[in-house]
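The values are calculated or read from the model by the stated rules, or taken from the named source; none is laboratory data. Every value quoted in this text rests on a predicted model; they were computed, and no experiment measured them. Cβ placement follows ideal geometry from the backbone for every residue including glycine, while neighbour counts extend to all protein chains displayed. Surface areas here come from the heavy atoms of the whole protein model, side chains and all, with no ligands, DNA or RNA. Shrake-Rupley method; radii C 1.70, N 1.55, O 1.52, S 1.80 Å.
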Amino acid sequence: MENKMYQVAIIGMGPSGITASIYLKRSGIDILCLDKDGVGGELNKIDEIENYPSYIGSGKGLVELFEKQLEHFDIQVNKQQVLSINQEYDGTFLIRTLGENFKAKSCIICSGIKQRPFNVPNSNLYNNLGISRCAECDAPFSKNKPVAVLASTSSGAKEALYLASLCSKVYFINPEEKISGDQKIIDELNSTSNIEVFNSTSIVSTSGTKKIETISLSNNQSYDINALFLFIGASPITEFLGYMDVTNKFGQIITDEKMQTKVPGLFACGDARINYLKQVVTACSDGAIAAVSCRNYLKNGSK
């Protein structure tokens, strides 16, 4: 039997995918939502949120509210892993998953990013609490308190400089011999009075009760901290796009301001695309723009 043709396939149901699905469903558009992990994405791993308007609480708490809204609009999420997306000769898209294949007239990629794994020694003692990968999100929770940063590049150094503007002390732990990247940022890091840099140093142990409180380093020094920030790299989840040449050398999807890629009918939003700020609120904005652009594409066949 021939596969059903959906109007839009949404790949990934984090904040951007959720928003796109709501906008499209309210417009009466037939959508297919795919995410092997269900609803929420990285939100499910966030302990505290206070910079998303009208909400203060855990990431899981916000996911529960999103789920209620999806239920209100009868939006179903198909928990299947997408293996590949290819555009057919007629301009439609074939989506292959581990379970079955789907067809759609257009696609919105909301697949997000995957963090480079790192197991903080002994973090099981305090359930990984007090460990963050987002300075913009969590720096205010450590205002006027000491924190540690694990990083080896100038992008991590830039995050440390922001932390230093709010926190009393920043311990910058670099496992490599030297920090790589933009020398101007590295020089600023080394000259900032409340930042202490440790090169060729690793974290050998941590301790805490309800959250991380102390780190022990390979230089035999220990420091009391309020949080540990990990800036060790992340990559977009875009390998399933296959031959469609819509990413840069880092795998980030290239879009215009309407979230349209150079492939007609293929849109992208959220953390998987090139953007300036990766936050829940900007992901939702992306999702709304992508949905409206996609709706216009279905109507007019153009951007």
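Applying a threshold of 9 Å to beta carbon distances and a minimum spacing of six or more residues, or different chains, the list of pairs starting in segment 154-165 at a residue that is touching a residue at least 40 places away in the same chain (Cβ under 8 Å) and over 15 Å from SER193 (Cβ atoms) and ending at one that is in a helix (DSSP H, G or I) and not β-branched (Val, Ile, Thr) reads GLU159/ALA135; GLU159/GLU136; GLU159/ALA139.
The number of residues in segment 175-208 that are of a type in the set (A, V, I, L, M), touching a residue at least 60 places away in the same chain (Cβ under 8 Å) and either buried (at least 16 other Cβ atoms within 10 Å of the Cβ) or within 16 Å of SER154 (Cα to Cα) (or both) comes to 1. For residues that are open to solvent by less than 10 Å² (accessible area, probe 1.4 Å) and β-branched (Val, Ile, Thr), scanning just segment 228-256, find the one that is nearest to the chain's Cα centre (by Cα). Of everything passing the filter in segment 228-256, ILE253 is nearest to the chain's Cα centre (by Cα). Among the residues that make up segment 253-265, is at least one of them in a helix (DSSP H, G or I), of a type in the set (Lys, Arg) and farther than 21 Å from ALA135 by Cβ? No, segment 253-265 has no match at all.
Against the numbered list (1) under 23 Å from GLU159 (Cα atoms); (2) open to solvent by less than 50 Å² (accessible area, probe 1.4 Å); (3) touching a residue at least 60 places away in the same chain (Cβ under 8 Å), MET259 comes up short only at (1). Annotation: CYS294 fulfils all but one of (1) open to solvent by less than 30 Å² (accessible area, probe 1.4 Å); (2) within 23 Å of ARG133 (Cα to Cα); (3) in a helix (DSSP H, G or I); the unmet one is (2).
If you filter segment 262-274 down to residues that are open to solvent by less than 40 Å² (accessible area, probe 1.4 Å) and of a type outside the set (Gly, Ala, Ser), you find that the one that is farthest from PRO146 (Cα to Cα) is VAL263. Taking the numbered list (1) surrounded by 14 or more Cβ atoms within 10 Å (Cβ to Cβ); (2) under 23 Å from the mean Cα position of the chain (by Cα); (3) closer than 27 Å to ALA283 by Cβ in turn, ALA148 passes all entries but (3). Counting only strands (runs of 3 or more DSSP E) that sit completely within segment 1-111, those holding 1 or more residues that are not hydrophobic (A, V, I, L, M, F, W, C) correspond to 5-11, 49-52, 55-57, 82-87, 93-97, 101-109.
To keep it simple, each residue is scored yes or no on (1) open to solvent by 20 Å² or more (accessible area, probe 1.4 Å); (2) touching a Leu at 6+ places or on another chain (Cβ under 8 Å); (3) without any contact (Cβ under 8 Å) to a residue 60 or more places away in the chain.
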position: LEU34; (1), (2), (3): no, no, no
position: VAL39; (1), (2), (3): yes, yes, yes
position: LYS45; (1), (2), (3): yes, no, yes
position: PRO53; (1), (2), (3): yes, no, no
position: SER58; (1), (2), (3): yes, no, yes
position: LEU65; (1), (2), (3): yes, no, yes
position: ASP74; (1), (2), (3): yes, no, yes
position: ASP90; (1), (2), (3): yes, no, yes
position: CYS107; (1), (2), (3): no, yes, no
